[in-house]
1. For the stretch 16-23, in order, what is each residue's ³J(HN,Hα) by Karplus, 6.51 cos²θ - 1.76 cosθ + 1.60 with θ = phi - 60°, in whole Hz (x at glycine and Pro)?
2. Please give me the summed charge of the neighbours of L74: other residues whose Cβ is under 15 Å from its Cβ, Lys and Arg +1, Asp and Glu -1.
3. Using 0.36 nm per residue of separation minus the Cα-Cα distance, give me the extension gain between A48 and R2 in nm, one decimal.
Amino acid sequence: MRTAPTVLDAVLSAALQAHAEVWVITGTGHHTDKQSHQKSAAGGVLHAAVIEYLQAARHTFYVGKDNNGHSGALLVVGSH
């Protein structure tokens, strides 16, 4: 997932300056056809990449889950 850090670098800081918290919607990947060419991972490839980015940047975040227990969103509340 090479583009996620580039996009987050471009928009997350400004979004957090304008808002106290920011939702990053990643999806869960649970609709990805396991027989397709697309990468697939439990919890979603993009979701895992964004979590890795947020941890490396020392952002405080929480995992959001829907009524079915799928976690396809992250609430970012700040850094350091």
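A short reminder: the numbers here are calculations on the coordinates, not readings from a lab. Quick caveat, the model's predicted, so the values are computed rather than measured. We place every Cβ from the backbone using ideal geometry, glycine too, and count neighbours over all the protein chains shown.
1. Karplus values, whole Hz, x for Gly and Pro: 6, 6, 8, 9, 5, 8, 9, 8.
2. Working: positive: R58, K65; negative: E21, E52, D66.
Surrounding charge for L74 is -1.
3. Numbers: separation 46, 0.36 × 46 = 16.56 nm, distance 1.21 nm.
Stretched fully, the A48-R2 segment lengthens by 15.3 nm.
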